[in-house]
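Asks: Have a look at this one before I ask anything.
Throughout, read-outs are computed from the coordinates displayed, never taken from laboratory work. In this text the structure is predicted, and so the values were computed from the model without any measurement. Because the Cβ atoms are built from the backbone with ideal geometry, glycine has one as well, and the counts that use them run over all protein chains shown.
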Amino acid sequence: DAGVTQSPTHLIKTRGQHVTLRCSPISGHKSVSWYQQVLGQGPQFIFQYYEKEERGRGNFPDRFSARQFPNYSSELNVNALLLGDSALYLCASSLGETAGVIEKLFFGSGTQLSVL
Amino acid sequence: QQPVQSPQAVILREGEDAVINCSSSKALYSVHWYRQKHGEAPIFLMILLKGGEQKGHDKISASFNEKKQQSSLYLTASQLSYSGTYFCGTERNSGTYKYIFGTGTRLKVLA
């Protein structure tokens, strides 16, 4: 079975632009969560979605938004990009049998975003 | 708010043991452990759900002391493949759900 897939793998944008990152969960997984990881630090939680509804939100500005589609894939959108948004963006999926909590997370390889 | 891990970094020789600690200033209801190799995604190691619970997988095990709001990861007879950054993770649910990773511990195993 395919693991969690993310696209694109790398992206270069300039300040003020908008970006959309995509994630396809493992087949059968209903929950998707997004994380931002700056080099040398741990992943920071951005959002969690379960059955197309937002179930959790981290301490990120409103420029960050996400959604989950009927096939459980997900998009992360970031508007008005800042230099500080440069990071590795990780997506993780989980079964969602317990509404996505207390579950093993399967991570994708991430999208490396560079903002110039 | 982020769980604090200690040590920040450790270097071992193959076959040596290591302990990584994860301490939280807030109540821990569950603890997860992940390992991330450079340039790769984090890989799940184990989840501990109850205070006092201990779990093991191969030569890697963990304990969870709910009262002390701490968890420890034990690596026995380290192998080269154990090198990477270890993160503990926990959940917060105070109105809205959040998942929090710890500060991380970089582990390097030398031949």
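Asks: First measure r as the distance between the Cβ atoms of residue A:52 and residue B:58, then evaluate 1/(1 + (r/R0)^6) with R0 = 30 Å and state the FRET efficiency to the nearest 0.05. Could the numbers behind the result be given before it?
Replies: Values: r = 38 Å, r/R0 = 1.25.
Step by step, r from the Cβ atoms, then E = 0.20.
Asks: I would also like to ask the following. Work out the charge dipole of chain A with +1 on the Cβ of Lys and Arg and -1 on the Cβ of Asp and Glu about the Cα centre, then indicate which of A:11, A:106, A:31 is farthest towards its positive end.
Replies: A:11
Asks: Would you work out the Kirkwood radius for the range A:1-82? I mean one over the mean of 1/r across all pairs of different Cα atoms, in Å. Provide the component values of the computation, followed by the final result.
Replies: Details: mean 1/r = 0.0743 Å⁻¹.
Hydrodynamic radius (Kirkwood, Cα pairs) of the range A:1-82 is 13.5 Å.
Asks: Roughly how crowded by other chains is peptide A:83-94, in terms of the mean Cβ count from those chains within 10 Å of each of its Cβ atoms? Spell out each step's value before the answer.
Replies: Numbers: counts 0, 0, 0, 0, 0, 2, 0, 3, 1, 5, 0, 1.
Taking all residues of A:83-94 together, the mean is 1.
Asks: Work out the length of the dipole vector of the protein assembly as shown about its Cα centre, built from +1 on the beta-carbon of each Lys and Arg and -1 on the beta-carbon of each Asp and Glu, and round it to the nearest 20 debye. Don't jump to the answer; show the numbers that get you there.
Replies: Numbers: 23 positive and 17 negative charges, 78 e Å.
Computed charge dipole of the protein assembly as shown: roughly 380 debye.
Asks: Would you work out the Kirkwood radius for the range A:41-114? I mean one over the mean of 1/r across all pairs of different Cα atoms, in Å. Show your work: numbers first, answer last.
Replies: Numbers: mean 1/r = 0.0753 Å⁻¹.
The answer is 13.3 Å.
Asks: For peptide A:38-46, how many partner chain Cβ atoms fall within 10 Å of a residue's Cβ, on average? Don't jump to the answer; show the numbers that get you there.
Replies: Numbers: counts 0, 0, 3, 5, 15, 10, 5, 8, 2.
If you average over the peptide's residues, the count of other-chain Cβ atoms is 5.
Asks: Rounded to the nearest whole Å³, what is the per residue volume of the convex hull around the Cα atoms of chain B?
Replies: It comes to 93 Å³ per residue, whole-number rounded.
Asks: A further question follows. Return the subset of A:13/B:98; B:26/B:67; A:13/A:104 for which the Cα-Cα distance in this structure is over 21 Å, preserving the input order.
Replies: Numbers: A:13/B:98 28 Å; B:26/B:67 11 Å; A:13/A:104 33 Å.
Violating the 21 Å Cα-Cα cut-off are A:13/B:98; A:13/A:104.
Asks: Is the shape of the protein assembly as shown rounded, prolate or oblate, going by the alpha carbon gyration tensor and its root eigenvalues a ≥ b ≥ c, with a/c under 1.5 for rounded and a/b larger than b/c for prolate? Spell out each step's value before the answer.
Replies: Numbers: a/c = 1.78, a/b = 1.45, b/c = 1.23.
It comes out prolate by the Cα gyration axes.
Asks: Same structure again: Can you give the mean number of other chain Cβ atoms that lie within 10 Å of the Cβ atoms in peptide B:93-102? Write down the numbers at each step before the final one.
Replies: On the way: counts 3, 0, 0, 6, 13, 9, 13, 5, 7, 1.
Mean inter-chain Cβ contacts per residue within 10 Å come to 6.
Asks: Counting pairwise Cα distances across the range A:5-53, what percent come out greater than 17 angstrom?
Replies: Values: 601 of 1176 pairs.
Tail fraction, whole percent: 51.
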